[in-house]
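Here the structure is laid out as structure tokens; the discussion comes afterwards.
The values are calculated or read from the model by the stated rules, or taken from the named source; none is laboratory data. It should be emphasised that the depicted structure is a prediction, and the values quoted were computed from it without experimental measurement. Glycine gets a Cβ as well: all are built from the backbone with ideal geometry, and neighbour counts include every protein chain shown. SASA here: full protein model, heavy atoms, side chains in, ligands and nucleic acids out. Shrake-Rupley method; radii C 1.70, N 1.55, O 1.52, S 1.80 Å.
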Amino acid sequence: VLAARPSIGKSCLALNIADHVAKEGRGSVLFVSLEMDRTELASRFLIARAHVDGYDYYHAKHRLTDEARERIYRASRIADDSRLVIDDAAHLTLSQFAARARRHKMRYGLAMLVVDYLQLIDAQPRKGEIREQEVARISRRLRGLAKELHAPVLAVCQLNRMTENREGRKPSMADLRESGQIEADADVVMLLHRPDFYDKDDQPGKAFVIVPKHRGGRTGTVELQFVKEHQRFDDL
């Protein structure tokens, strides 16, 4: 599970992770985006790969240097050969999501499955079922899918507003939105935190991936650099 408040960069980090796994050549990566369309994600992919300014890419292409244009061209050629597949279905039920993942594995193999984000999957609520129970069913199904497909599933999640009321706004596992079952089912929980999102002078450019749960591994905090104009996370 990779979780954060809106606009902190969780989709960006999930795409960076998916791209890295695809580059390692261990199989195809299926990135299911229920929030953004494939054009926007492909643009983010090119910007991150080419290390160009996102604003110039979207709004002022005339300001891009010849070198930047060449980097974009090379990144697009890499994208053609990439084993990263983006599925931007706007509305998926839980059973449809599982079926797509199975088909993808049969055709291309599966090194990783990413869903952005978990709370947007339609679990088709049962009569009398509250939202927390619906999200718990989604979480349990994703865990079962990971075991069935023998592949890691990275589920992007929203955190609730409790983070905003805490001093320092540092997230905790208790902030996972709508269900404690997500926390229980996950092998690894990663909470993304960027102090400069709330105060531009507070550790600008620094990001923290807090790992409060790691089944069979170490917990702690990983420090990263967030390069906003390139829409990517790098080693600090």
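Show the residue pairs that are 6+ apart or on different chains and have beta-carbon atoms under 7 Å apart, the first residue being within region 169-189 and of a type in the set (A, V, I, L, M), the second being assigned to a helix (DSSP H, G or I) and open to solvent by 60 Å² or more (accessible area, probe 1.4 Å).
Met173/Glu183; Leu176/Glu183; Val189/Glu183
Can you name the number of the only condition in (1) in a helix (DSSP H, G or I); (2) under 25 Å from Val135 (Cα atoms); (3) without any contact (Cβ under 8 Å) to a residue 40 or more places away in the chain that Val211 fails?
(1)
Which residues, taken from region 20-44, are assigned to a helix (DSSP H, G or I), touching a Ser or Thr at 6+ places or on another chain (Cβ under 9 Å) and open to solvent by less than 20 Å² (accessible area, probe 1.4 Å)?
Ala22, Leu41
Tally up the residues in region 210-228 that are in contact with a His (Cβ under 9 Å, 6 or more places away or on another chain) and closer than 15 Å to Phe197 by Cα, please.
1
Determine if region 116-130 includes at least one residue that is over 17 Å from the mean Cα position of the chain (by Cα), farther than 18 Å from Ile17 by Cβ and touching a residue at least 40 places away in the same chain (Cβ under 8 Å).
Looking for residues that are over 17 Å from the mean Cα position of the chain (by Cα), farther than 18 Å from Ile17 by Cβ and touching a residue at least 40 places away in the same chain (Cβ under 8 Å), one finds none in region 116-130, hence no.
Here is a check on your reading of the model: is Arg131 among the charged types (D, E, K, R) and more than 30 Å from Arg83 (Cα to Cα)?
Yes: the conditions hold for Arg131.
Scanning for something closer than 25 Å to Leu191 by Cβ and among the hydrophobic types (A, V, I, L, M, F, W, C), does region 48-55 turn up at least one residue?
Yes, because at least one residue in region 48-55 is closer than 25 Å to Leu191 by Cβ and among the hydrophobic types (A, V, I, L, M, F, W, C).
Kindly evaluate Ile47 against the criterion of being modelled with pLDDT under 80, within 21 Å of the chain's Cα centre (by Cα) and either surrounded by 18 or more Cβ atoms within 10 Å (Cβ to Cβ) or part of a helix (DSSP H, G or I) (or both).
In short, no.
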